[in-house]
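Before any comments, here is the structure.
The values are calculated or read from the model by the stated rules, or taken from the named source; none is laboratory data. Quick caveat: nothing in here was measured; it's all calculated off a predicted structure. Methodologically, a virtual Cβ is constructed for each residue, glycine included, from the backbone with ideal geometry; neighbour enumeration extends over all protein chains shown. All accessible areas refer to the heavy atoms of the entire protein, side chains included, with ligands and DNA or RNA removed. Shrake-Rupley method; radii C 1.70, N 1.55, O 1.52, S 1.80 Å.
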Amino acid sequence: NDSLENITHSLCTLEFEIRRDLYYWILEQLELYRPYVWEYSRLGISNTVLSKRRLHRLVFEKYVNGWDDPRILTLNGLRRRGYTPEAINDFVDLCSVTRRGNENIISINVLEHCCRKDLDQRCARTMAVLEPVKVTFVNVDANYLYEVTMPLFPKQPERGTQVVTLTKEIYVDRADVRSTQVDGFYGVAPGSTVGLKGAFPFKVLEVKEDPKTKQPVSVTAELLQDAKIKTKTHLHFISTKDAVQCEVRLYDVLFTAEDPNSLDDYLTGLNPNSLVTCHGALMHKILLDSKVDDKYQFQRLGFFVVDPDSVPSAGRFIWNRTVKLVDKEKQKALGTTAKK
């Protein structure tokens, strides 16, 4: 078929090597052009599958949402997830090629590292809140407003700034809030003092929780405008003045199993939390001018891209998480993988 289609060079995986002599013999007997054929090890990436047959089953049995689902490593899926051509090329260069068999598995952390390194240079920083909990400062007026100027690129301040407002009421993420103090927790809890990114620290007076779910729903606090206090945590936040509702889709690895192909049934290794949707998330109003495929870093949360399902003209924004920020444990794994 390669010969009939005038393919000059054919790059195959190793299982085709034993067929090469028969392939060449048929071409010689038919007096057809003989392409160059090279066999290499198949690229295997952990926590996913790359086989067309297995991807086909995932798509047609509705385990994923089509061929451009951001959880599968098709080109359309990678694009929708927010990966750039530069990040993918960097990953391929880092992996190189080998002929040591088809059992090699590259940690998906290496791919995420390449993506993170690329997006760090191109994505402006902003703030968003995935599960909002309102914080009310009881010691400031209702019309209180303090403007904070923050760099879009902290390592390159010359690339511009943005203005974030601090008001009497702000939103923080539920993940940063506890209704009782716990050892080793430096977020929002009764009696704790917490910092805000680029702004003042505040002291927590009370955390109210939902009586049914036991989840935190509101916080009252004192804003410490004049205090020179060093805090162990500086939270991202959005003021009620800047907040715009949006949807955020948190994508993770598709399989909990490092090598799904080693399972008797690879579907048993699917990650039930590979997609978590935050319908009531809030983004900063500076993002209202964003277009499909625009990419940003949401501080403390990761890198995100505007999904094609969004309708920016109607104010409907859907954000896909491309990759989390650096995970120290995964960095250790990355270091081990890179040495190999």
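Residues that are touching a Pro at 6+ places or on another chain (Cβ under 7 Å) and either open to solvent by less than 40 Å² (accessible area, probe 1.4 Å) or among the basic types (Lys, Arg) (or both) are absent from region 84-102 altogether. Quick check: anything in region 193-210 farther than 22 Å from Leu145 by Cα, of a type in the set (Ser, Thr, Tyr) and within 30 Å of the chain's Cα centre (by Cα)? There is no residue in region 193-210 that is farther than 22 Å from Leu145 by Cα, of a type in the set (Ser, Thr, Tyr) and within 30 Å of the chain's Cα centre (by Cα).
Scanning region 226-255 for residues being part of a loop (DSSP other than H, G, I, E, B), farther than 28 Å from Ala189 by Cα and either in contact with a helix residue (DSSP H, G or I) (Cβ under 7 Å, 6 or more places away or on another chain) or among the hydrophobic types (A, V, I, L, M, F, W, C) (or both) gives a total of 2. Within region 256-301, take every residue that is in a helix (DSSP H, G or I) and in contact with a helix residue (DSSP H, G or I) (Cβ under 7 Å, 6 or more places away or on another chain) and give me the one that is nearest to Ala128 (Cα to Cα). So, considering only residues that are in a helix (DSSP H, G or I) and in contact with a helix residue (DSSP H, G or I) (Cβ under 7 Å, 6 or more places away or on another chain), the one nearest to Ala128 (Cα to Cα) is Gly269. Open to solvent by 60 Å² or more (accessible area, probe 1.4 Å) and either closer than 13 Å to Phe237 by Cα or part of a strand (DSSP E or B) (or both): does that describe Val194? Considered against the rule, which asks whether it is open to solvent by 60 Å² or more (accessible area, probe 1.4 Å) and either closer than 13 Å to Phe237 by Cα or part of a strand (DSSP E or B) (or both), Val194 comes out as no.
Give the residues of region 157-168 that are open to solvent by 60 Å² or more (accessible area, probe 1.4 Å) and either closer than 14 Å to Glu147 by Cα or out of contact with any strand residue (DSSP E or B) (no Cβ under 8 Å at 6 or more places or on another chain) (or both), sorted by residue number. Glu158, Thr161, Val163, listed by residue number.
Hey, any hits in region 137-146 for a residue that's surrounded by 19 or more Cβ atoms within 10 Å (Cβ to Cβ) and closer than 19 Å to Phe237 by Cα? Scanning region 137-146 turns up at least one residue that is surrounded by 19 or more Cβ atoms within 10 Å (Cβ to Cβ) and closer than 19 Å to Phe237 by Cα. With respect to the conditions (1) farther than 19 Å from Leu301 by Cβ; (2) modelled with pLDDT of 95 or more; (3) touching a Pro at 6+ places or on another chain (Cβ under 8 Å), Ala227 lacks only one, and its number is (2). Can you find a residue in region 249-263 that is within 30 Å of Phe200 (Cα to Cα) and under 20 Å from the mean Cα position of the chain (by Cα)? The answer is yes; a qualifying residue exists. The residue that is most open to solvent (accessible area, probe 1.4 Å), counting only those in region 13-72 that are hydroxyl-bearing (Ser, Thr, Tyr) and touching a Lys or Arg at 6+ places or on another chain (Cβ under 7 Å), is Tyr40. Restricted to region 211-235, and to residues there that are over 12 Å from Val133 (Cα atoms) and within 27 Å of the chain's Cα centre (by Cα), the residue that is least open to solvent (accessible area, probe 1.4 Å) is Leu235.
Please work out if Asp183 is in contact (Cβ under 8 Å) with a residue 24 or more places away in the chain and under 21 Å from Thr231 (Cα atoms).
Working: in contact (Cβ under 8 Å) with a residue 24 or more places away in the chain: no; under 21 Å from Thr231 (Cα atoms): yes.
In short, no.
Kindly check whether there is at least one residue in region 265-273 that is in contact (Cβ under 8 Å) with a residue 40 or more places away in the chain and open to solvent by 60 Å² or more (accessible area, probe 1.4 Å). No, every residue in region 265-273 fails to be in contact (Cβ under 8 Å) with a residue 40 or more places away in the chain and open to solvent by 60 Å² or more (accessible area, probe 1.4 Å).
Could you run through region 1-17 and say how many residues are assigned to a strand (DSSP E or B) and free of Cβ contacts under 8 Å to residues at least 60 places away in the same chain? Working first, answer last.
To start, the set of residues in region 1-17 that are assigned to a strand (DSSP E or B) comprises 9-13.
Adding the requirement that they be free of Cβ contacts under 8 Å to residues at least 60 places away in the same chain leaves 9-12.
Total satisfying the criteria: 4.
Remark: pairs (first residue in region 301-313, under 27 Å from Val326 (Cβ atoms) and at pLDDT below 95; second residue open to solvent by less than 10 Å² (accessible area, probe 1.4 Å) and of a type in the set (Lys, Arg); Cβ separation under 6 Å; 6+ apart in sequence or on different chains) are absent.
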